[in-house]
Amino acid sequence: MNWDWQFTFEVVVPRLLAVVPVTIQATVLSFLLALVLGLALMLLRISPLRVISIPAGEIIEFIRGTPLLVQLFFLFFLLPEIGIVLPPLTTGIVGLGIYNAALCAEVYRAGILNVPAGQWEAAKALNLSACRTYRDIIIPQSLPPIVPALGNYFIGIFKETPLLSFLAVAELMHASKLIGSEYYRFTEAVTVAGVFFLVMSLAAAALVRFAEGRIRGRILH
Amino acid sequence: MTQPKIKFDRVTKRYGPLTVLNQICLDIDPGELVTIIGPSGSGKTTVLRVLMTLESIDDGVIYIDGEPFNKMRAGGALAPASNAHIRRLRARIGMVFQNFNLFPHMSALDNCIEAPIHSLGLARGEAVNRADELLDMVGLAGLRSRYPSQLSGGQQQRVAIARALAMQPEILLFDEPTSALDPEMVGEVLQVIRDLASAHSYTMLLVTHQMGFAREVSDRVCFFDAGQFVEQGPPQELLGSPKNERARQFLSKVLEAR
Amino acid sequence: MTGRLMAIAALIAFLLGIVVATFSETRIFMPALLRGAAVTLQVAGLSFLLMVAAALTAGAAKTSPFPPVRWMAGAYIEIFRGTSLLVQLFWFYFVMPEFGVTLPAMAAGVLGIGLNFGAYGAEIVRGAIQSVPKGQREAATALNIKPLHRLVRIVMPQAMIIMVPPMGNLTIEMVKATSVVSAVTLVDITYASVQQNQIHYRTVEIFMVTLVLYYCLSQLIRFSMGVLEARATRHLCTGH
């Protein structure tokens, strides 16, 4: 094996560093989209109307039961056909967001089901409105299991961003592939990309733990 | 003078800053049934656990039949025991646990033949025959193919006793064998232990809170408190008129509660 | 019961799909998709075997009393979970030749996916082993059972019951993840759909068929895991 340090530091590292912001952007925006969309899906899922809750449940199951990459390709080819032309990065963020929204919806739901039935009954006995019941009673109590799970999905989304390279989004994996085929030197390009992912996922995990600690201190007791 | 079957020689066990066994000494003669009583959390169970090698000890030596157990003789000195040495002597000891610890994925019979086949190297047929005899002896002949979840607590503990006996031990340790049982099942387990004590020559070490039973079957009762054997003697004497103040307090509380 | 129903529904959908493929114009792309599906199944099946083997080995090693064994297992788990699956696939296919090991695409794909998911599975196995009550190990020691025999005959059978449901979910994730194997030039069902779409421009039909096939597969796994779990726990509930 011949590892070329000069090539590593003059070509690979700068070019990979240049696209790190794209990966971060994709991660953060998809996560925010997933949080909001997941909430909407969850509300449909727990609707008392079965014509709404059952299809919503099936859609969530379907999204969870099929590969993200196929969904990304589907969106990537479908959107232009129905007249929506988006940059690949945006398509990718939408795809990541929808996929993870299905996961988040289940997390939210599990959190809410986790609240003991007695709490609902107590709220009813105190004659609280549905809105106040959710805001003051149910949501604060459902957060403990939700927050760490969402943190894991944040890291999960980060690890899924390399899939965007299939849509030719210029993120880390794509840049590494390009370097590899341009210079025909995959060793440095792929290994450095791996190190980037390792470092960034450790950093993301630390960030999530920190945020969890803050949120725990703020909302949970 | 006979060789003691089991000898604790200044055995010390610490958990961090807490000394659970503080230089304990105890000799048990072959065929003797010794009961250890004492307050909860005093460490009396630990006496059995270090003897069964479930816990390591920090200081001191345990002897089985005059042979060092946790150490081995190397030249004139004592060296740390090898696994083979421990396995050889451990084969003489059987243990019955408070929570039975039957293997839940095996039937009563399989529980009783697994170790004999694997550890003693018995042929399957022979192991099955002996397990059947033992299950018969503890009164469970018809339940050999039941799984532990399909047995009552008392039945499970009797299977556990048969399982320990199947290893042909010379020493039997009982760690609060009736503490996890519903009251109506205590009797059937005590009856099995009583039969073992009267009809066999096992050396037995029993930790229990059943004072009446201790008085009835023991050759000797030891009161254990704060990491040490505080007082020992014949059951009538120790349970009837203890000399030690802590033993007296403990016994009066226990007898009051009955 | 719902699992059984869903599996049956999934099978019916699958058969209907084949019928539709044979008798309508979907047949222009269906053969290529089914060839791709065969590749997907092959990668998934082989990766599953490797995943289970790696997970059991590394998971058991993580509970070993010998620190170096634990460290090695820990390093494997951290490296394969921390770097992305795609990076690992590229590494096995494009970088390994640098070390003089040239792997066929199928081998690189299976190695990458199997080892990556094996690392996640190892954590499941470790957790399951550690959740077997301590008394079980003590009873085995008291019966003079040797450590390896104790792991294989006493601890593992009980840990299996605990690990089946999460392993089932992991297997579903693994099957879904096989969709990236085109990165090492394999033409699986996902890549076949992209190719067929570029030829025929029938986005909705092609991708719906592909998505439904994946969905059937993941429901089938869910159903099989349900059966396995019921079998594994059959004598843990009271009854006859």
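The values are calculated or read from the model by the stated rules, or taken from the named source; none is laboratory data. Remember, it's a predicted structure, so these values are computed and weren't measured experimentally. Glycine also receives a Cβ, built like all others from the backbone with ideal geometry; neighbour counts cover every protein chain displayed.
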message = So B:SER179 ticks every box in (1) within 12 Å of another protein chain (Cβ to nearest Cβ); (2) in a loop (DSSP other than H, G, I, E, B) but one. Which box is left unticked?
response = (1)
Filter result for the condition that a residue is more than 21 Å from the chain's Cα centre (by Cα), crowded, with 18+ Cβ neighbours inside 10 Å and among the basic types (Lys, Arg), over B:ARG73, B:ARG144 = B:ARG144
remark   = With the first residue restricted to segment C:81-106 and required to be in contact (Cβ under 8 Å) with a residue 24 or more places away in the chain and more than 9 Å from chain A (Cβ to nearest Cβ), and the second required to be of a type in the set (S, T, N, Q) and part of a helix (DSSP H, G or I), Cβ contacts under 8 Å at 6 or more apart or on different chains are C:MET106/C:GLN42
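Results for (1) touching a helix residue (DSSP H, G or I) at 6+ places or on another chain (Cβ under 9 Å); (2) within 11 Å of chain C (Cβ to nearest Cβ); (3) surrounded by fewer than 15 Cβ atoms within 10 Å (Cβ to Cβ); (4) more than 25 Å from C:SER218 (Cβ to Cβ), shown as yes or no for each residue.
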| site | (1), (2), (3), (4) |
| --- | --- |
| A:ARG50 | no, no, yes, no |
| A:LEU68 | yes, yes, no, no |
| A:PHE74 | yes, yes, no, no |
| A:PRO87 | no, no, yes, yes |
| A:TYR99 | yes, yes, no, no |
| A:CYS104 | yes, no, no, no |
| A:GLY111 | yes, no, no, no |
| A:PRO116 | yes, no, yes, yes |
| A:GLN119 | yes, no, yes, yes |
query = Within segment A:103-140, how many residues are within 12 Å of A:LEU39 (Cβ to Cβ) and of a type in the set (Gly, Ala, Ser)?
reply = 2
note = For segment A:52-66, the count of residues that are assigned to a helix (DSSP H, G or I) and within 14 Å of chain C (Cβ to nearest Cβ) equals 10
query = Does A:LEU78 fit the bill of being under 27 Å from C:HIS200 (Cα atoms) and surrounded by 18 or more Cβ atoms within 10 Å (Cβ to Cβ)?
reply = no
request  = Can you run down the residue pairs with Cβ atoms below 7 Å, 6 or more apart or on separate chains, where the first is in segment A:42-66 and free of Cβ contacts under 8 Å to residues at least 40 places away in the same chain and the partner is assigned to a loop (DSSP other than H, G, I, E, B)?
outcome  = A:SER53/A:ILE46; A:SER53/A:SER47
request  = Looking at (1) crowded, with 16+ Cβ neighbours inside 10 Å; (2) of a type outside the set (Val, Ile, Thr); (3) at pLDDT 90 or above, find the lone condition where A:SER142 falls short.
outcome  = (3)
query = Do we have any residue at all in segment A:22-41 that's surrounded by fewer than 18 Cβ atoms within 10 Å (Cβ to Cβ), within 20 Å of the chain's Cα centre (by Cα) and outside any helix (DSSP H, G or I)?
reply = no
request  = For segment B:160-173, state whether one or more residues are crowded, with 19+ Cβ neighbours inside 10 Å, of a type in the set (Val, Ile, Thr) and without any contact (Cβ under 8 Å) to a residue 60 or more places away in the chain.
outcome  = no
ask   = What helices (runs of 4 or more DSSP H) lie completely within segment A:113-221 and have 2 or more residues being closer than 28 Å to A:PRO87 by Cα and among the aromatic types (Phe, Trp, Tyr)?
value = A:139-160, A:186-218
task = Could you tell me whether any residue of segment C:154-170 is surrounded by 19 or more Cβ atoms within 10 Å (Cβ to Cβ), more than 29 Å from C:ARG222 (Cβ to Cβ) and at the interface with chain B (Cβ under 8 Å from one of its Cβ atoms)?
result = yes
ask   = When both residues are 6+ apart or on different chains and their Cβ atoms are under 6 Å apart, which pairs have a first residue that lies in segment C:206-230 and is within 12 Å of chain A (Cβ to nearest Cβ), and a second that is outside any helix (DSSP H, G or I) and at pLDDT 85 or above?
value = C:LEU211/A:THR66; C:TYR214/A:THR66; C:TYR214/A:PRO67; C:TYR215/A:THR66
message = Considering only residues that are more than 17 Å from A:ALA40 (Cβ to Cβ) and among the aliphatic types (A, V, I, L, M), which ones fall in segment A:111-129?
response = A:LEU113, A:VAL115, A:ALA117, A:ALA122, A:ALA123, A:ALA125, A:LEU126, A:LEU128
task = May I ask you to verify whether B:GLY66 is on the phi > 0 side of the Ramachandran plot and either in contact with a Lys or Arg (Cβ under 8 Å, 6 or more places away or on another chain) or among the hydroxyl-bearing types (Ser, Thr, Tyr) (or both)?
result = yes
ask   = If you scan segment C:75-87, which residues turn out to be buried (at least 16 other Cβ atoms within 10 Å of the Cβ) and assigned to a helix (DSSP H, G or I)?
value = C:TYR76, C:ILE77, C:PHE80, C:ARG81, C:GLY82, C:LEU85, C:LEU86, C:VAL87
Pairs where the first residue, in segment C:193-205, is over 13 Å from A:VAL70 (Cα atoms) and the second is modelled with pLDDT under 90 and among the small types (Gly, Ala, Ser), C-beta under 7 Å, 6+ apart = C:GLN196/C:ALA32
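Condition check ((1) facing another protein chain (nearest Cβ under 10 Å); (2) free of Cβ contacts under 8 Å to residues at least 40 places away in the same chain; (3) aliphatic (A, V, I, L, M)) across all residues:
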residue	(1), (2), (3)
B:ARG49	yes, no, no
B:GLY75	no, yes, no
B:ARG88	yes, yes, no
B:ARG92	yes, no, no
B:GLN98	yes, no, no
inquiry  = Can you confirm whether A:ALA193 is within 20 Å of A:VAL12 (Cα to Cα) and of a type in the set (A, V, I, L, M, F, W, C)?
reply    = yes
task = Within segment C:212-234, count every residue that is closer than 22 Å to C:LEU34 by Cβ and over 18 Å from the mean Cα position of the chain (by Cα).
result = 1
message = Please go through (1) more than 9 Å from every other protein chain (Cβ to nearest Cβ); (2) out of contact with any Ser or Thr (no Cβ under 7 Å at 6 or more places or on another chain); (3) over 12 Å from A:LEU16 (Cβ atoms) for A:ILE179 and return the number of the only condition it doesn't satisfy.
response = (3)
inquiry  = Quick check on my filter: what residues within segment C:186-209 are at pLDDT 90 or above, over 14 Å from C:LEU41 (Cα atoms) and surrounded by fewer than 20 Cβ atoms within 10 Å (Cβ to Cβ)?
reply    = C:GLN195
message = I need the full set of residues from segment A:52-61 which are within 28 Å of C:LEU85 (Cα to Cα) and either surrounded by fewer than 18 Cβ atoms within 10 Å (Cβ to Cβ) or at pLDDT 95 or above (or both), in order please.
response = A:ILE59, A:GLU61
message = Among the residues in segment B:109-118, are any more than 18 Å from B:ARG144 (Cβ to Cβ) and either facing chain C (nearest Cβ under 8 Å) or more than 20 Å from the chain's Cα centre (by Cα) (or both)?
response = yes
task = Considering each of B:MET204, B:MET185, B:MET167 in turn, give the residue that is in contact with a strand residue (DSSP E or B) (Cβ under 8 Å, 6 or more places away or on another chain) and either closer than 30 Å to B:THR19 by Cα or in a helix (DSSP H, G or I) (or both).
result = B:MET204
key: Selection count where residues are exposed (fewer than 15 other Cβ atoms within 10 Å of the Cβ) and either facing another protein chain (nearest Cβ under 7 Å) or of a type in the set (Gly, Ala, Ser) (or both), scope segment C:124-148   = 1
